[in-house]
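First up is the structure itself, then whatever we jot down about it.
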Amino acid sequence: MSSLVINGDTSGSITLAAPAVAGSSTITLPTTGGTIRTTTTPGAVLQVVQATTRTAVSTTSSTYISTGFSASITPTSSSNKILVFINIPVYVLTAGGQSTITVYRGSTNLALAGGPEQAFGQVYTNGGALQGVITACYLDSPATTSSTTYTIYQGSTNVGSTVGICTNNTTAAITLQEIAA
């Protein structure tokens, strides 16, 4: 193994040591000053995944149903966290209707177990039809290195009230960031 020693301006030194592996590797240093982050730096963003849709989905269900809109990420360490951001355009067609949105990791409702009252966001109207946007941010601990899918679920807390996402060609988005623990 070869190494390179860089002496500090006033004292101390840094040793760069190459591992004993076949082949060669390249590390490219940035052209501007700063700190080199590693995958072991707590809080470092290791990867970002985003999914978008314009597919309209509606329901009158008083229990959560899958909208079919999801994004998947494969964590590099089981101790890392996944930061989930959602931006979901919703609508309610019936007076007294309430559209609720939550996120499921697999079969787990991240906004707690239960029906549409356990949500990341709600849009309610006691008048006519209403459109709005539900946004949320949640730090999840999936404790796995397997591919993990986050899916948007929607429900109506007023039985028979039609609610939906992505009306009039609006765009819904899910962004997932793996955060080093």
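Structural remarks
- Residue list for segment 117-152, filter: of a type in the set (D, E, K, R) and either part of a strand (DSSP E or B) or buried (at least 17 other Cβ atoms within 10 Å of the Cβ) (or both): ASP140
- Those strands (runs of 3 or more DSSP E) of segment 38-110 in which 3 or more residues are under 30 Å from THR28 (Cα atoms) occupy 45-53, 81-92.
To keep it simple, each residue is scored yes or no on (1) modelled with pLDDT under 95; (2) exposed (fewer than 13 other Cβ atoms within 10 Å of the Cβ).
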{"position": "SER77", "(1), (2)": "no, no"}
{"position": "THR100", "(1), (2)": "yes, no"}
{"position": "LEU112", "(1), (2)": "yes, yes"}
{"position": "GLY115", "(1), (2)": "yes, no"}
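- Boolean, PHE85 is farther than 26 Å from GLY128 by Cα, surrounded by 21 or more Cβ atoms within 10 Å (Cβ to Cβ) and among the hydrophobic types (A, V, I, L, M, F, W, C): no
- The one condition in (1) surrounded by 10 or more Cβ atoms within 10 Å (Cβ to Cβ); (2) at pLDDT 85 or above; (3) not basic (Lys, Arg) that THR41 fails to fulfil: (2)
The values are calculated or read from the model by the stated rules, or taken from the named source; none is laboratory data. Everything numeric here is computed off the predicted structure, so don't read it as measured data. Here Cβ is always computed from backbone atoms with ideal geometry, including for glycine, and neighbour counts include all displayed protein chains.
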